[in-house]
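Below you'll find the structure, written out as structure tokens, and then a few comments.
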Amino acid sequence: MAAFFKSRLFFVSLAIVVIAATLPFYVSGYVLGLLTVAYYFGVFAMSWDLLFGFAGEVNFGPTFLIGVGAYTAGILNNQYGWSVYLCVALGALAAVIAGLVLALPALRVRGPYFGLTTLVAVLILQNFVVVFADLTGGEIGLTIPDVITIDPNVNYWIALGFMVISAAILYGLSQSPIGLVLQASGQDPVQAGALGFNIVKHKLAAFIVSAFFSGLSGALLVFYFGTASVGTVIDIAVGVNVIVAAVLGGRRTVLGAALGAIFLIVAGEFLRPTGELATFIVSAVALLVVLFFPGGFLGAALSREGRS
Amino acid sequence: MLAFQILIDGFAISALYALGATGFTLIFGVSGVLNLSHGAIMVLAAVAAWAAASVLHLDTYAGALIGVAVGMVAAFATYFAVVQPIQRSTRIANEEKEIFVLTGTLLWGIMIQELIAYFFTNNAKTVLPIVGGVVNILGVRTPKNEIFTAVMCCLAIGLLWLLVNRTRTGKAVLAASMNPRGVTLLGLELTRIYVVVWAIYGILAGIAGVLLGMFLGVSSYSVGPLTASAFSIVVLGGLGSVSGSLIAAFVVGYLETLTAYLVSPAYRTIPALLLLVAVMYIRPQGLLGRR
């Protein structure tokens with residue numbers, strides 16, 4: 001761990017964070033708003049990378065965990081008017097419970113079966129939101145009365161701080177012995193088990209950590225938006241974006257996932273003039289990265305550094 | 001009366017599901033590929049049939065044939081542009097190829113979906129049926145198109161069965177699904193078998209797409225749900241087992257029809273999804289799957 005604080009990656013990250021923290025002094029509120037969303041999205045992608053990149057589990061349903069966190073926080077605030085912080089905490093807790101419920105059957109199955117189970121979880125959640133429209137606002141969305149703050153600068157700093165802390169914890173976890181065991185069990189579960197590691201326990205832990213950060217980020221995001229809707233936190237398209245972000249940035253790097261998410265949101269904004277083709281272009285770029293640079297942005301950069 | 005209605009409507013839907021899922025499971029059984037662009041290929045075929053009839057003013061038969069041909073071309077494009085490069089890549093570790101194929105075909109499907117939306121808008125399109133009119137079966141007014149759909153699906157599945165079990169090519173395909181190395185040792189080119197399988201898959205997906213376009217109509221929004229339903233049916237039946245998929249298609253089709261008629265159309269998909277989760281708990285390999 002001490003070596004990390006002397007490494008190049010640490011100084012580069014520190015410089016980026018310092019520059020990012022001073023952005024509110026010289027960029028417009030519009031850019032800040034964009035980056036605020038991108039940072040929350042970055043946490044989604046990093047939590048997903050912990051499961052996919054390290055534990056080797058294809059989770060097609062990141063939005064199941066995000067959506068449970070977001071809607072729990074939103075409904076509690078909307079129905080009972082509890083304070084924002086309590087709602088956010090309970091949202092994260094609900095996501096962890098949902099993660100456990102999902103993980104127990106899902107971890108019995110592997111590969112595509114696991115992927116399908118998580119995909120089905122999203123579809124079921126989406127159906128329930130629409131069916132219980134009285135509580136959830138249905139397809140129109142849920143209005144959330146409270147916000148954390150209306151100051152765009154403070155909102156931006158909260159998102160940045162949250163992302164940096166999450167990144168530190170998730171990256172630290174991925175480099176710790178637990179991360180190594182996860183990686184081993186993702187690549188060869190039989191051998192990792194033969195070495196005496198309890199694979200199920202480690203994967204369950206990864207699932208809980210991933211669920212916690214996804215839910216927390218989802219809950220904070222709805223309090224920033226002031227609304228929760230299927231299209232912003234549950235829809236499969238949102239989940240696909242999370243996956244694309246993590247793959248673009250580089251799997252198994254955690255930090256790359258955040259870069260990928262920021263790139264995706266900013267690129268989507270730049271491509272706005274192309275109208276409906278924006279999604280096409282982003283998917284095509286992502287496909288090319290998958291085909292020709294399977295390591296992603298950060299993977300390519302790190303491997304070059306490793307060679308030189 | 002209602003019982004017959006459910007029986008007839010459920011049969012047509014189930015047959016369509018079965019046809020859509022058969023190609024999907026065939027690809028997985030033979031080459032181990034889960035093609036997540038499946039829904040996009042089906043919708044593309046349907047939209048091509050629609051465009052041939054409404055934009056180029058061809059007759060419905062020509063339109064349907066063009067739709068099926070487009071489905072086959074799209075399947076080849078998927079194989080040569082996405083699946084094969086990933087399978088041959090030296091930069092992707094072997095045990096990760098499955099995950100990359102899933103991600104790659106998912107992105108490919110989104111690209112097709114967005115192109116359809118860009119050129120033909122998101123509006124729902126209904127392909128002009130080849131046969132029109134209604135007949136009265138046991139007191140249920142049934143569109144002839146519905147009967148046509150069911151008959152075509154059964155015919156296509158029957159032909160596939162003949163092809164796989166009674167022809168030399170089919171036997172090679174079957175052998176490749178059991179033991180790829182053995183097939184190579186017997187002097188058969190594995191890549192050629194895969195190309196044949198993708199061609200069969202493209203034709204099946206094309207027919208299913210065009211029939212779906214005639215029966216229910218399609219839009220670029222149906223891409224995701226179509227892939228998800230084929231995926232669920234195939235997993236429910238057991239990955240790679242064609243007969244399992246057929247049974248699962250009828251279970252899902254009738255469950256949805258029953259829910260839609262007896263409870264509410266809004267809850268249509270929920271029981272099938274819950275059933276799928278239950279099967280995952282109790283029998284993760286599906287109804288007829290091998291582990």
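The values are calculated or read from the model by the stated rules, or taken from the named source; none is laboratory data. Being a predicted model, the structure only gives us computed values, none of them experimental. Positions of Cβ are generated from backbone atoms using ideal geometry, with glycine treated the same way; all protein chains shown enter the neighbour counts.
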Restricted to the range A:258-270 and to residues being within 14 Å of chain B (Cβ to nearest Cβ) and buried (at least 17 other Cβ atoms within 10 Å of the Cβ), the residue nearest to A:I165 (Cα to Cα) is A:G260
Notebook entry, point to check: Taking the condition of a type outside the set (D, E), crowded, with 24+ Cβ neighbours inside 10 Å, in a helix (DSSP H, G or I) and touching a Pro at 6+ places or on another chain (Cβ under 8 Å), does B:G71 pass?
Noted result: no
Those residues of the range A:129-150 that are within 14 Å of another protein chain (Cβ to nearest Cβ), touching a helix residue (DSSP H, G or I) at 6+ places or on another chain (Cβ under 8 Å) and either of a type in the set (K, R) or surrounded by fewer than 20 Cβ atoms within 10 Å (Cβ to Cβ) (or both) come to a total of 4
May I ask you to verify whether B:A228 is surrounded by fewer than 18 Cβ atoms within 10 Å (Cβ to Cβ) and either part of a loop (DSSP other than H, G, I, E, B) or facing chain A (nearest Cβ under 10 Å) (or both)? no
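Out of curiosity, is A:I165 crowded, with 16+ Cβ neighbours inside 10 Å and at negative phi?
On the way: crowded, with 16+ Cβ neighbours inside 10 Å: no; at negative phi: yes.
For A:I165, the condition - crowded, with 16+ Cβ neighbours inside 10 Å and at negative phi - is not met.
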Scanning the range B:209-225 for residues that are part of a helix (DSSP H, G or I) and more than 14 Å from chain A (Cβ to nearest Cβ) gives B:G209, B:V210, B:L211, B:L212, B:G213, B:M214, B:F215
Taking the range B:232-263 and the residues there that are at the interface with another protein chain (Cβ under 9 Å from one of its Cβ atoms) and either touching a Pro at 6+ places or on another chain (Cβ under 9 Å) or not in a helix (DSSP H, G or I) (or both), the one that is surrounded by the most Cβ atoms within 10 Å (Cβ to Cβ) would be B:V235
Scanning the range A:74-84 residue by residue, the ones that are part of a helix (DSSP H, G or I) and out of contact with any helix residue (DSSP H, G or I) (no Cβ under 7 Å at 6 or more places or on another chain) total 3
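Determine which member of the set A:Q126, A:Q175 is modelled with pLDDT under 90, surrounded by 19 or more Cβ atoms within 10 Å (Cβ to Cβ) and of a type outside the set (V, I, T).
Working: A:Q175 fails: surrounded by 19 or more Cβ atoms within 10 Å (Cβ to Cβ).
On inspection, the qualifying residue turns out to be A:Q126.
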With criteria (1) facing another protein chain (nearest Cβ under 9 Å); (2) surrounded by 23 or more Cβ atoms within 10 Å (Cβ to Cβ); (3) part of a loop (DSSP other than H, G, I, E, B), A:N59 comes up short on (1)
Result of the Cβ filter at 7 Å on the range B:83-108, keeping first residues that are more than 7 Å from every other protein chain (Cβ to nearest Cβ) and at negative phi and partners that are among the small types (G, A, S) and outside any helix (DSSP H, G or I), at least 6 apart or interchain, is B:T105/B:S37
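Count, please, the residues in the range A:184-203 that happen to be within 14 Å of chain B (Cβ to nearest Cβ), surrounded by fewer than 19 Cβ atoms within 10 Å (Cβ to Cβ) and under 13 Å from A:A55 (Cα atoms). Before the answer, list the steps.
Let us first name the residues in the range A:184-203 that are within 14 Å of chain B (Cβ to nearest Cβ), namely A:184-192.
Subset that is surrounded by fewer than 19 Cβ atoms within 10 Å (Cβ to Cβ): A:187-191.
Of the ones still in play, those that are also under 13 Å from A:A55 (Cα atoms) are A:187-189.
Residues flagged as within 14 Å of chain B (Cβ to nearest Cβ), surrounded by fewer than 19 Cβ atoms within 10 Å (Cβ to Cβ) and under 13 Å from A:A55 (Cα atoms) within the range A:184-203 amount to 3.
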Restricting the range A:271-289 to residues that are more than 7 Å from every other protein chain (Cβ to nearest Cβ) and of a type in the set (G, A, S), the one farthest from the chain's Cα centre (by Cα) turns out to be A:G275
Taking the range B:114-148 and keeping residues over 20 Å from the mean Cα position of the chain (by Cα) and closer than 20 Å to B:L58 by Cα leaves B:F119, B:F120, B:L128, B:I130, B:V131, B:G132
Of (1) over 16 Å from the mean Cα position of the chain (by Cα); (2) more than 10 Å from chain B (Cβ to nearest Cβ); (3) surrounded by 18 or more Cβ atoms within 10 Å (Cβ to Cβ), A:S214 fails just (1)
Among (1) crowded, with 17+ Cβ neighbours inside 10 Å; (2) in contact (Cβ under 8 Å) with a residue 24 or more places away in the chain; (3) part of a helix (DSSP H, G or I), B:L34 falls short only on (3)
Within the range A:85-105, is there a residue that is within 14 Å of another protein chain (Cβ to nearest Cβ), part of a helix (DSSP H, G or I), in contact with a Pro (Cβ under 9 Å, 6 or more places away or on another chain) and of a type outside the set (A, V, I, L, M, F, W, C)?
yes
Within the range A:123-149, the residues that are within 24 Å of the chain's Cα centre (by Cα) and more than 27 Å from A:F60 (Cβ to Cβ) are A:T143, A:I144, A:D146, A:V147, A:I148, A:T149
